[in-house]
Amino acid sequence: MNKRLSDAISRLSELPEERQDAIAALLLDYLDNEEADIALTPAQIAELDRRLKDNDFSGEDEANEFFDRLKA
């Protein structure tokens, strides 16, 4: 166990049992879902929205034509 994790566990052990249970549940949920989709912060979502508005993307018809040409 690294020092940072050891320090965190030491601090957690000083908390009331109810808080320890809540934090343990969060940690176990994190470990169980490590491979799950990542949740973005509101700031990250706003940045993605801004960038998507600034770019010119192909429409569905243009994309379908492109992939149809690849199949031929």
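What follows draws every value from the coordinates through simple rules; no lab data is involved. These numbers were taken from a predicted model, which means no experiment stands behind them.
Some points to look at:
- For the chain, fraction of C-alpha pairs farther apart than 18 Å, in %: 69
- On Cα atoms only, tilt of 42-54 relative to the major axis of the chain in degrees: 10
- Axis of helix 17-32 versus longest Cα principal axis of the chain: the two differ by about 30°, to the nearest ten degrees.
- Helix axis angle, 3-12 relative to the chain longest principal axis, alpha carbon, degrees: 60
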